[in-house]
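The values are calculated or read from the model by the stated rules, or taken from the named source; none is laboratory data. Keep in mind it's a predicted model, so treat the numbers as computed, not measured. Virtual Cβ from ideal backbone geometry, glycine too; neighbours counted across all protein chains shown.
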Amino acid sequence: MSIAVTTQIICFSVLSLVVIIGALGVILLENIVYSAFLLGGVFMSVAGLYLLLNASFVAAAQVLVYVGAVNVLIIFAIMLVNKKEDLKAIENIKSRRIISTSICLTLLSLLIRVDLSNIWGLAEPNASIGEESTVRIGEHLFSDYLLPFEVASVLLLMAMIGAIVLARRDVMNEDISTGLPVDQELIEKPNEPLLIKKN
Amino acid sequence: MNSGLDLEYSFNEILKGFGLSNELAHIIWLPLPMLVVLVSAVVGVLVTVWLERKISAAAQQRIGPEYAGALGVLQPIADGLKLLVKEDIIPAKADSILFTAGPILVLVPVILSWLIVPFGQNLLISNVGIGIFLWIALSSIQPIGLLMSGYASNNKYSLLGGLRAAAQSISYEIPLALSVLAIVLMTNSLSTIDIVNQQSGAGILSWNIWRQPVGFIIFWICALAECERLPFDLPEAEEELVAGYQTEYAGMKFALFYLGSYINLILSALLVSILYLGGWGFPIPVEIIARVLNLPIDAPVIQVFTASIGIIMTVLKAYLLVFVAILLRWTTPRVRIDQLLDLGWKFLLPISLANLLVTAGLKLAFPQFFGG
């Protein structure tokens with residue numbers, strides 16, 4: 001076995017261990033802040049797996065989008081609203097857990113089925129494109145995947161408009177069709193501290 | 001385009017002369033450029049710290065460090081030694097794991113980004129195809145480290161500092177990436193080597209700063225904001241937040257933040273010089289000098305000359321920019337957080353989008369000047 005192959009195997013096993021343990025930590029840890037940071041670690045290791053597959057552009061995009069944007073925003077949101085409060089015990093937790101476990105197992109079996117039935121090899125042998133992949137991704141995005149690409153951008157636009165409506169409730173508190181005031185006031189007015197109870 | 005010195009090739013040839021296999025020679029070679037770059041980054045920080053002290057002193061009509069070595073050149077080493085032997089304090093109510101991991105997460109991406117900084121045609125650690133995009137991706141990890149240390153310190157000033165740092169770096173990353181995108185559009189490549197080569201046609205006249213003046217200013221403002229330098233040092237604004245996310249840090253952990261911010265400053269200056277000021281290019285193309293001296297371009301003398309001129313030019317340009325950054329720090333007042341976010345989202349973002357659009361249009365109209 002050559003040195004390059006050995007390095008690759010070691011990297012792969014370390015990365016997959018980190019992904020699995022980190023993902024378990026994300027859902028099992030009690031402290032939500034730890035979960036959020038571990039999620040970042042999982043995203044990073046997935047980027048490492050992409051690097052092992054010679055997909056450096058996808059790896060960098062993974063880091064930029066998932067770690068740099070999604071995870072930072074998740075942590076940001078947690079830190080802005082992180083109130084220490086005792087959560088109430090949920091009723092019939094056992095049956096809920098059984099249902100969610102079975103759903104997860106179904107998904108897992110589906111994924112395993114896909115993994116086994118799909119032919120993962122490239123159409124042409126030795127067709128590793130490596131650094132060329134950036135160009136290929138661009139070509140695909142603007143030809144056969146143009147519609148999904150555009151639909152995704154519309155989805156993002158919708159999310160953004162929704163966020164603006166939620167954030168500016170103090171401005172848009174009128175029902176558009178009837179013109180009547182709608183009870184959409186903020187709990188906390190911009191210049192009013194939260195601790196003063198409203199009447 | 002593979003002219004110039006190739007140290008890796010000649011090094012491997014020497015080792016193979018000793019009877020080592022190709023693979024083993026490669027493994028012995030691998031850590032060397034990384035070590036060289038790490039050492040040069042740290043030395044660069046020492047020089048910058050000294051410059052910062054001296055220039056700030058000059059700006060305030062003081063003398064500055066004077067007794068540690070000639071003109072106080074040993075002052076940064078004394079600073080470093082002091083931080084090294086200081087007690088490492090973790091506050092009792094702090095979260096010790098995250099408290100320790102925070103500074104590491106801030107420093108590592110910055111050092112990793114040196115991977116793509118070229119000092120000459122073959123003088124960089126790795127000519128990865130995604131080049132400049134790697135830097136943008138890596139620099140987006142930093143806010144996580146800042147948030148982590150801000151949260152783990154269990155201190156309201158730290159938390160506010162960390163949140164401000166994250167908000168600032170998220171907002172300024174977008175115009176930064178868009179101005180880089182305009183350069184990439186002109187180069188047809190993400191690789192830093194290609195970006196410099198594309199500017200090397202006619203010496204100083206072909207530098208990107210003439211073709212991308214708006215992009216240059218946007219990039220410089222955003223780079224300063226990403227480095228948290230005044231006028232954008234809100235995350236550690238002394239008068240409001242004590243020292244922001246680093247309030248609770250002492251000793252070596254504080255030194256990691258300190259090192260990280262200065263390495264980031266030098267890195268930003270290097271990238272500005274690579275993207276807009278022709279990288280390792282001399283204002284007069286080396287080809288013309290070789291023709292005047294009547295030597296072929298691949299003569300050994302010319303090759304060594306080109307390589308050393310390349311390193312000198314890159315470092316010189318970067319330090320000129322560092323000088324500007326230091327002057328800015330000691331002459332401009334700090335902006336408020338709302339002004340900072342307004343500038344980022346309402347001014348720089350639209351301008352950089354327009355810049356990208358105009359660049360694309362010019363590329364279609366004048367392909368010979370804007371890289372068809």
**Prompt:** Within the stretch A:46-80, can you find the residues that are surrounded by fewer than 19 Cβ atoms within 10 Å (Cβ to Cβ) and among the polar types (S, T, N, Q)?
**Reply:** A:ASN54
**Prompt:** Out of all the residues in the stretch B:71-116, which are away from chain A (no Cβ under 14 Å), more than 30 Å from B:LEU134 (Cβ to Cβ) and crowded, with 19+ Cβ neighbours inside 10 Å?
**Reply:** B:GLN75
**Asked** Condition test on B:GLY120, is it more than 14 Å from chain A (Cβ to nearest Cβ), modelled with pLDDT under 85 and touching a Leu at 6+ places or on another chain (Cβ under 9 Å)?
**Response** yes
**Message:** Condition (residue is more than 9 Å from chain B (Cβ to nearest Cβ), aromatic (Phe, Trp, Tyr), at negative phi and within 17 Å of the chain's Cα centre (by Cα)) applied to the stretch A:26-36: is it met by at least one residue?
**Reply:** no
**Request:** Give A:VAL19, A:VAL42 a once-over and let me know the one that is more than 12 Å from chain B (Cβ to nearest Cβ), farther than 27 Å from A:GLU132 by Cα and not charged (D, E, K, R).
**Result:** A:VAL19
**Residue check, B:PHE133 within 26 Å of B:GLU52 (Cα to Cα) and either touching a strand residue (DSSP E or B) at 6+ places or on another chain (Cβ under 8 Å) or of a type in the set (Phe, Trp, Tyr) (or both)** = no
**Asked** In this structure, does A:ILE129 turn out to be modelled with pLDDT under 85, touching a Lys or Arg at 6+ places or on another chain (Cβ under 9 Å), over 30 Å from B:SER153 (Cβ atoms) and more than 14 Å from chain B (Cβ to nearest Cβ)?
**Response** no
**Prompt:** Taking only pairs six or more apart or across chains, which ones have beta-carbon atoms under 7 Å, a first residue in the stretch A:1-16 that is within 14 Å of another protein chain (Cβ to nearest Cβ), and a second residue that is loosely packed, with under 12 Cβ neighbours inside 10 Å?
**Reply:** A:SER2/B:GLU23; A:ILE3/B:GLU23
**Message:** I'd like to know if the stretch B:86-99 contains one or more residues that are of a type in the set (D, E, K, R) and part of a helix (DSSP H, G or I).
**Reply:** no
**Residue list for the stretch B:336-372, restricted to those being in contact with a Leu (Cβ under 8 Å, 6 or more places away or on another chain), of a type outside the set (Gly, Ala, Ser) and at pLDDT 85 or above** = B:LEU340, B:LEU349, B:LEU353, B:ASN355, B:LEU356, B:THR359, B:LYS363
**Complete:** Expected output for the stretch A:60-75 (first residue within 13 Å of B:ALA177 (Cβ to Cβ) and within 8 Å of another protein chain (Cβ to nearest Cβ), partner of a type in the set (Phe, Trp, Tyr) and part of a helix (DSSP H, G or I), Cβ below 6 Å, 6+ apart or cross-chain) is A:ALA60/B:PHE133
**Message:** If B:LEU349 satisfies all but one of (1) out of contact with any helix residue (DSSP H, G or I) (no Cβ under 9 Å at 6 or more places or on another chain); (2) surrounded by 15 or more Cβ atoms within 10 Å (Cβ to Cβ), what's the number of the condition it fails?
**Reply:** (1)
**Prompt:** Of B:ILE312, B:ILE302, B:ILE284, B:ILE289, which residue is surrounded by fewer than 14 Cβ atoms within 10 Å (Cβ to Cβ) and without any contact (Cβ under 8 Å) to a residue 24 or more places away in the chain?
**Reply:** B:ILE312
**Request:** Find all pairs meeting these conditions: Cβ atoms under 9 angstrom apart; at least six residues apart or on different chains; first residue within the stretch B:132-144 and more than 7 Å from chain A (Cβ to nearest Cβ); second residue assigned to a helix (DSSP H, G or I) and acidic (Asp, Glu).
**Result:** B:SER139/B:GLU173; B:SER139/B:GLU226; B:GLN142/B:GLU226
**Message:** Condition (residue is modelled with pLDDT under 85 and crowded, with 16+ Cβ neighbours inside 10 Å) applied to the stretch B:56-70: is it met by at least one residue?
**Reply:** yes
**Asked** Which is more than 20 Å from B:LEU46 (Cα to Cα) and touching a residue at least 60 places away in the same chain (Cβ under 8 Å), of B:ALA243, B:ALA250, B:ALA223, B:ALA255?
**Response** B:ALA243
**Item:** A:LEU17 surrounded by fewer than 14 Cβ atoms within 10 Å (Cβ to Cβ) and of a type in the set (A, V, I, L, M, F, W, C)
**Value:** yes
**Item:** Candidate set: the stretch B:154-193, residues that are within 12 Å of another protein chain (Cβ to nearest Cβ) and not in a helix (DSSP H, G or I); chosen: the one surrounded by the fewest Cβ atoms within 10 Å (Cβ to Cβ)
**Value:** B:ASN188
**Prompt:** Could you list, in sequence order, the residues of the stretch A:45-74 that are within 22 Å of B:TYR172 (Cβ to Cβ) and either part of a loop (DSSP other than H, G, I, E, B) or within 12 Å of the chain's Cα centre (by Cα) (or both)?
**Reply:** A:GLN62, A:VAL63, A:VAL65, A:TYR66, A:VAL67, A:GLY68, A:ALA69, A:VAL70, A:ASN71, A:VAL72, A:LEU73, A:ILE74
**Asked** Quick one: is B:SER126 within 13 Å of chain A (Cβ to nearest Cβ), in a helix (DSSP H, G or I) and polar (S, T, N, Q)?
**Response** no
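Here is a yes/no grid of residues against (1) in contact with a His (Cβ under 6 Å, 6 or more places away or on another chain); (2) assigned to a loop (DSSP other than H, G, I, E, B); (3) surrounded by 10 or more Cβ atoms within 10 Å (Cβ to Cβ); (4) at pLDDT below 90:
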| position | (1), (2), (3), (4) |
| --- | --- |
| A:ILE90 | no, yes, no, yes |
| A:SER95 | no, no, no, yes |
| A:THR134 | no, no, yes, yes |
| A:GLY138 | no, no, yes, yes |
| A:MET172 | no, yes, yes, yes |
